[in-house]
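Worksheet: the structure to be examined is printed underneath.
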Amino acid sequence: MPATISGFSRKKFCFVSLCLTIFLLHFLFTVHAVCYAEEQIPAEKQQTPAPTMMVLGPEDEFERGVPRTSMKRFLDAAREGDFASAAEYLDLRNLPRNIREKPGEDLARELKIILDRGLWIDLSLLSNHPDGHQNDGLPSYRDLLGQIETDKKTYTLLLQRVPRGDGVHIWKVSNATVAKIPEMYELASFGPFGDFLSGLIPDLEVFGAYLWQWVGVVILMAFVYLILLPLTWLAVFFINRKEKRPQVTRFVKGPLRFMLWVLILGLMKELLSPTVTMQKIMQASTLFIIASAWVIVRLFDFYIEYQVQRFQEKDKEGAIVLLRPLKKIVRIIIILTAVLIWLDNIGFRVTTLMAGLGVGGIAIALAAQAIFADIIGTVILLISQPVRVGDVCKFGNSFGIIEEIGVRATRVRTLDNTIISVPNGEFSKLHLENYTLRERVWFHPKIKLPYETSKEQIEEIVTNIKKILQEHPEVLDEPIQVYFTEIGDYSHNIDVFSYVGTGDYGKYKKIAEELNLAIMVIVEKAGARLALPSRKMYIEDQMSPERKNDV
């Protein structure tokens, strides 16, 4: 087999394996909650009082002395496929002629299917007393088993205390309920697809559903995927026909295909005639929540990528750094929201959990004030952008190049080639002097000439310095000011005021060197020299002529 076909097969096998893994994990989590969950029956339909204390009923081979054990043993026998024994829990007396001719085993099997399809039996709500519930609004010899709602009508299922034949009364499914079994079975049947699979696969129960139903789930999953596979390929072909769009392609082949797969499976679930247990599992909507979270995450990724392009067009590279933590935070929020919705669907009290998270969140916020201050500092730095990555700046008493503006701290490489990491909360409060943003650099040397320099020499030096500044191509035309401004302690000072038209500090230093050498040549040609810091001390001679002679 060619390598391409082998790779193709591996991809499909991996996808199917992933789907089955997700489904099985979902099932294992959900079926645990379902097994212990109570059926929510409206108050007007369920008037059963709280269970009474356990009272032993009369001895009976099939343990039909009290409603609870009678129903439990019926369910046990039906699940084991022993419908002959299960029929012993049905009151087959006084039935209509068309039903009386039907074997009890068939009626027990049909009742089992009806209960599987429409009613969750909570044995803890059934009476454990030989007389049953006495204050439930029903005759003393009857107890409520439950109600099944259909599109046409609502069926009430009852247990009834009947004579065993030896003067002892036992509990069975009432004959009024048994008489309705064929009618209810027509509404609760498995349908053509279910009848076909159930005829091929034995009626074995696995985790509250028939084996053929689990096989049907796998068949439907594979069938829907095989339908969607060419459709999504066709969509990708048209999307990329004029221009390659890899991001959209990944979205279509990933979350969009998965979402359509889940939605179509949801529409086709009735083909399997799901049992109550399967319905409970489906109510958790695990696959739909996963698909929704995946789609939302990818759509938000599209938005982030769009914003990145906008910032790049506007030359706001620093703001892109802020999008990375924002992307992670939003992803975490989406995933946590999906988990909370799923927990609520399987029966957990999310409001209690949220209250606990709220209290814990306050404690975390108090303990993480410095972290939040750094995050706010990051936002300020990236929005106002006093400095950017690569800028040369002075902050506080330090000087260096910005290497990274992170979520928590800014990294600066100093002139000694060391790294300084400053928390953004503190860095945003410092006095920041950005040298990179300069459009021009101030050239302002102070020329100091000794006192011996004449007026004519000073005038010549001033004129020639102004001339070289005006003729230099890198010096801006305005302003150029060269004046003899000060007579200092030891020198005549000439002040130069001009700008070099570059923001590149390395280029400026080269130009400054050229200008300084030219100024030295001008001073030398004028017959002068640069002054050195010095002092002259004059001592007045106050000695008398006689003293001088003596000396």
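The values are calculated or read from the model by the stated rules, or taken from the named source; none is laboratory data. Because the structure is predicted, anything quoted here is derived from the model rather than measured. Note that we place each Cβ from the backbone using ideal geometry, even for glycine, and neighbour counts take in every protein chain shown.
Residues that are at pLDDT 75 or above and exposed (fewer than 12 other Cβ atoms within 10 Å of the Cβ): list the helices (runs of 4 or more DSSP H) wholly contained in the range 295-398 that include at least 2 such residues.
317-345
Could you give every pair whose Cβ atoms fall below 6 Å, whose first residue belongs to the range 259-287 and is in contact (Cβ under 8 Å) with a residue 24 or more places away in the chain, and whose second residue is surrounded by fewer than 18 Cβ atoms within 10 Å (Cβ to Cβ), counting only separations of at least 6 or pairs across chains?
As it stands, the answer is Met259/Val295; Leu260/Leu228; Trp261/Leu228; Met268/Leu220; Leu271/Phe193; Ser273/Gly191, since those pairs meet every condition given.
Going through the range 408-419 one residue at a time, which ones are crowded, with 17+ Cβ neighbours inside 10 Å and either assigned to a loop (DSSP other than H, G, I, E, B) or over 27 Å from the mean Cα position of the chain (by Cα) (or both)?
Val412
Could you tell me whether Leu197 is under 30 Å from Glu63 (Cβ atoms) and touching a Gly at 6+ places or on another chain (Cβ under 9 Å)?
no
Quick one: in the range 263-288, of everything that is of a type in the set (A, V, I, L, M) and under 20 Å from the mean Cα position of the chain (by Cα), which residue is nearest to Asp301 (Cα to Cα)?
Leu287
Restricting attention to the range 100-122, which residues are of a type in the set (Lys, Arg), over 19 Å from Thr69 (Cβ atoms) and modelled with pLDDT of 85 or more?
Scanning the range 100-122 gives Lys102, Arg109.
Based on what the data block shows, is Trp171 aromatic (Phe, Trp, Tyr) and touching a Lys or Arg at 6+ places or on another chain (Cβ under 9 Å)?
yes
Working carefully through the options Ile239, Ile281, Ile264, find the one that is surrounded by fewer than 18 Cβ atoms within 10 Å (Cβ to Cβ), outside the structural domain of Lys112 (by TED's automatic domain parsing) and closer than 21 Å to Ala338 by Cβ. Break it down stepwise before answering.
Values: Ile239 fails: closer than 21 Å to Ala338 by Cβ; Ile281 fails: surrounded by fewer than 18 Cβ atoms within 10 Å (Cβ to Cβ).
After applying the criteria, what remains is Ile264.
Only one of (1) of a type in the set (Lys, Arg); (2) surrounded by fewer than 20 Cβ atoms within 10 Å (Cβ to Cβ); (3) more than 27 Å from Ala209 (Cα to Cα) is not met by Arg161, so which one is it?
(2)
Here are some conditions: (1) in contact with a Gly (Cβ under 6 Å, 6 or more places away or on another chain); (2) closer than 17 Å to Glu183 by Cα; (3) assigned to a loop (DSSP other than H, G, I, E, B). Asp151 meets all but one. Which one does it not meet?
All conditions are met except number (1).
Looking at Leu111, Leu126, Leu115 in this structure, which one is in the same structural domain as Ala179 (by TED's automatic domain parsing) and over 27 Å from Glu270 (Cβ atoms)?
Values: Leu111 fails: over 27 Å from Glu270 (Cβ atoms); Leu115 fails: over 27 Å from Glu270 (Cβ atoms).
Answer to the selection: Leu126.
Taking the options Ala87, Ala176, name whichever one is at pLDDT 90 or above, surrounded by fewer than 18 Cβ atoms within 10 Å (Cβ to Cβ), more than 51 Å from the chain's Cα centre (by Cα) and part of a helix (DSSP H, G or I).
Working: Ala87 fails: surrounded by fewer than 18 Cβ atoms within 10 Å (Cβ to Cβ).
Checking each option against the conditions leaves just Ala176.
What about Leu220, is it under 26 Å from the mean Cα position of the chain (by Cα) and either within 20 Å of Ser285 (Cα to Cα) or of a type in the set (Phe, Trp, Tyr) (or both)?
no
With the structure loaded, tell me whether Asp166 is in the same structural domain as Lys72 (by TED's automatic domain parsing) and closer than 30 Å to Glu270 by Cβ or whether it fails that test.
no
Please specify each residue of the range 130-145 satisfying the condition of being in contact (Cβ under 8 Å) with a residue 60 or more places away in the chain, outside any strand (DSSP E or B) and touching a strand residue (DSSP E or B) at 6+ places or on another chain (Cβ under 8 Å).
Listed by number, the residues that qualify are Pro130, Gly132, His133, Asp136.
Taking only the range 458-479 into account, find how many residues are under 16 Å from Phe443 (Cα atoms), more than 60 Å from the chain's Cα centre (by Cα) and aliphatic (A, V, I, L, M).
The total comes to 4.
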